[in-house]
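*Asks:* Sharing a structure, written as structure tokens. Questions coming.
What follows is calculated from the coordinates using simple rules that are stated; it is not laboratory data. As the structure is a prediction and not an experimental result, all values here were calculated from the model. Here the Cβ is made from the backbone with ideal geometry for all residues, glycine too, and neighbour counts use every protein chain on show.
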Amino acid sequence: MTRAVTPSRSHTQARSQRRWRRYLADERAEAAMYRSLARRRHGEEREILLALADAEGRHERHWLDLLGDEVGRPLRPALRTQFLGLLARWFGSVFVLALIQRAEARSPYSKDPDATPTMAADEQMHEEIVRALAERGRNRLSGSFRAAVFGANDGLVSNLSLILGVGASGVSSHVILVTGVAGLFAGALSMGAGEYVSVHSQRELLEASQPNPEVLKIIPDLGVDNNELALLYRAHGMSEEQARKRADLVLGEGTADTSVILDQPSDVSHEEIGTGMGAALSSFCFFASGAIIPIFPYIFGMSGMTAVFTAAGLVGVSLLGTGAVVGLLSGASPAKRALRQLAIGYGAAAATYLLGMLFGTEVH
């Protein structure tokens, strides 16, 4: 009986030790990854990343204690961990943090009996900490960057659909090229005009919501017992009693500070919104940068199905890229978002291609 059990126990122990060595290699790599990110940060973020590296060091010691004298030669960490480490050393951006966030979410410790509950809880907390750090980076990304991704994606899908739909009707490559160029400028101008109107209208709306500074000049002329200042405060949401007390305070102090009168700063700026012209130019360029890609094959003289497949391939690669970026920015899976973007883009292009074939057949 003993002879039959011992080899099985020995085999189980050896398999556990291999798993522990893998965990050990991953913990060391993750600690190095956080230190690499910390070198590119300052202040509080740097301290947080170094603390995460120290936490991975505690997990490393746990596996060292279990292995004892059986540590053996250092193993390479998992390819995923190696890849994240390289990104952390080369870039150290919000995109790396987003990927690390997803990696922390896949920790196996919660299902491994050799990992302590504390370690499993640590890894789950690491996911939330990295999520918060990544959110800081996402918030620091300018609106123009997001507009670039979505604007370029619109140009890719709309112009690919246009040239495939027209091309399926049987027209010449020259007509397809002219159509693609026209679609590029039409779409870019439409996007630019729409963005200009949107931003300009938003600025006007916000400016209309700001208090009139001329109200300061009439404060001394208001009656102490009966005045409309209390009504103004009630219009801004105060109760009748609160409005009366606030009006008495303002009139009693004789203040001329708009921020005290209306609880709003007197020098509100709308620079974070941007200007209508700047938004229009950005949208024009972003859309055009995507819309030009489908017509590259026709610019360089390709024709027929060769041009169609080349255009579709170029757009497909671009859609995968924009989808992955959108996934990273939103904290979702980059791969799933990239494939979804590809499916949507190709679906729209396929629909217009079939319509082009249908109308081309009817014309002939």
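*Asks:* What order do you get for 349-355, 13-19, 98-104 when each peptide is scored by the mean count of other beta carbon atoms within 10 Å, highest first?
*Replies:* 98-104, 349-355, 13-19
*Asks:* Any chance you could run the full-extension gain for A335 through E45? It's 0.36 nm times the residue separation minus the Cα-Cα distance, nm to one decimal.
*Replies:* Result: 101.6 nm gained on full extension.
*Asks:* Now for a separate question. When you count, for each residue, the other Cβ atoms within 10 Å and take the mean per peptide, how do 236-242, 58-64, 187-193 rank with the highest first?
*Replies:* Result, highest mean Cβ count within 10 Å first: 187-193, 58-64, 236-242.
*Asks:* For K111 and I344, compute 0.36 nm times the residue count separating them, minus their Cα-Cα distance, and round to one decimal in nm.
*Replies:* 80.2 nm
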